[in-house]
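Q: Quick one: the structure is below, and I'll ask about it shortly.
The values are calculated or read from the model by the stated rules, or taken from the named source; none is laboratory data. These numbers were taken from a predicted model, which means no experiment stands behind them. Heads up, the Cβs are rebuilt from the backbone with ideal geometry, glycines too, and the neighbour counts pull from every protein chain shown.
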Amino acid sequence: MKYSASKENYLKAIFHLQHDQSSVTTNALADALKTRPASVTDMLKKLKEQRLLQYEKYRGVRLTTEGRKVAIGIIRKHRLWEFFLTEKLGFGWEEVHEIAEELEHISSKQLIDRLDQFLGFPEADPHGDPIPDKQGKMRGAEQLNLAELPLNTASVIIHIGNHKTEFLELLSHKKITIGTRIEVKKKFEFDHSLEVKMNKQPAFTISNELAKSLYVKTPDSLKASKAVRNK
């Protein structure tokens, strides 16, 4: 069934806000979508009528099985288009989010499945977010925040938690990207900033805010993940 772009945006936003099956508040959804709580309430009633979510006033909202399926389908399209735009058309990773926001509402499943095949069935988008497969399955997100990484522990950046253009431009300036090898050499108590070392570059300092948006895996955990996938 085809849904309007507005309804799809609501389902996707609820999916991202809903953690461990917890309910999402109307105010949190209004903040995420930059709209008024009254408008959110009206849309939630419509989505409830279509059995895409469970909603009770003052008790928040949760996606139903069908609502979750639709949301994952939108996320699959969004992340595949981001991968296509960067890998095949040469866009920077800071440029693709808004374009993919438009392309994700294309409804042709055949087109998306062929796009996935054309791209070689990628597992993650340019920011390291997992891409759902055609059955809606995503690889596990076993990762560690860089701010929590023990000192002098080799790691590889696998996910960027902040997709804002300004943030990605900052990362590009510092030559930080998916696949970058990084170690934390020192943690400063004053402002919780970190001294980090990447490859053969001299050590330099990054803010705690930046570190909290970078997620890493150690080489051993990466090998274990590959072994599981190859079974």
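Q: Within segment 187-204, count every residue that is within 13 Å of ALA147 (Cβ to Cβ) and surrounded by 13 or more Cβ atoms within 10 Å (Cβ to Cβ).
A: Going through segment 187-204 one residue at a time, the tally reaches 6.
Q: Counting just the residues of segment 80-100 that are loosely packed, with under 14 Cβ neighbours inside 10 Å and farther than 10 Å from PRO126 by Cα, which one comes out nearest to the chain's Cα centre (by Cα)?
A: Result: GLU98.
Here's the yes/no breakdown for (1) touching a residue at least 40 places away in the same chain (Cβ under 8 Å); (2) in a strand (DSSP E or B):
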site	(1), (2)
VAL156	yes, yes
LEU170	yes, no
LYS175	no, no
ILE178	yes, no
ASP191	no, no
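Q: Condition first: of a type in the set (Phe, Trp, Tyr), farther than 21 Å from PHE167 by Cβ and modelled with pLDDT of 95 or more. Can you find one or more residues in segment 82-99 that meet it? Spell out the reasoning first.
A: So the first thing to find is which residues in segment 82-99 are of a type in the set (Phe, Trp, Tyr), and the list is 83-84, 91, 93.
Keeping just the survivors that are farther than 21 Å from PHE167 by Cβ gives 84.
Those still in the list that are modelled with pLDDT of 95 or more too: 84.
Looking through segment 82-99, at least one residue is of a type in the set (Phe, Trp, Tyr), farther than 21 Å from PHE167 by Cβ and modelled with pLDDT of 95 or more.
Q: Name every residue in segment 2-21 that is assigned to a loop (DSSP other than H, G, I, E, B), free of Cβ contacts under 8 Å to residues at least 60 places away in the same chain and crowded, with 17+ Cβ neighbours inside 10 Å, in order of residue number. Before the answer, list the steps.
A: Looking only at segment 2-21, we keep the residues that are assigned to a loop (DSSP other than H, G, I, E, B), and these are 2-4, 18-21.
Adding the requirement that they be free of Cβ contacts under 8 Å to residues at least 60 places away in the same chain leaves 4, 18-21.
Result: GLN18, single match.
Q: Please verify whether segment 110-124 includes one or more residues that are within 29 Å of VAL196 (Cα to Cα) and not assigned by TED's automatic domain parsing to the domain that holds LYS217.
A: From segment 110-124, those within 29 Å of VAL196 (Cα to Cα) are 123-124; that's our starting set.
Still in the list and also not assigned by TED's automatic domain parsing to the domain that holds LYS217: 123-124.
Scanning segment 110-124, I find at least one residue that is within 29 Å of VAL196 (Cα to Cα) and not assigned by TED's automatic domain parsing to the domain that holds LYS217, so the answer is yes.
Q: Confirm whether HIS16 is modelled with pLDDT under 95 and either closer than 30 Å to THR177 by Cβ or in the same structural domain as LYS175 (by TED's automatic domain parsing) (or both).
A: On the way: modelled with pLDDT under 95: yes; either closer than 30 Å to THR177 by Cβ or in the same structural domain as LYS175 (by TED's automatic domain parsing) (or both): yes.
So HIS16 fits the description; yes.
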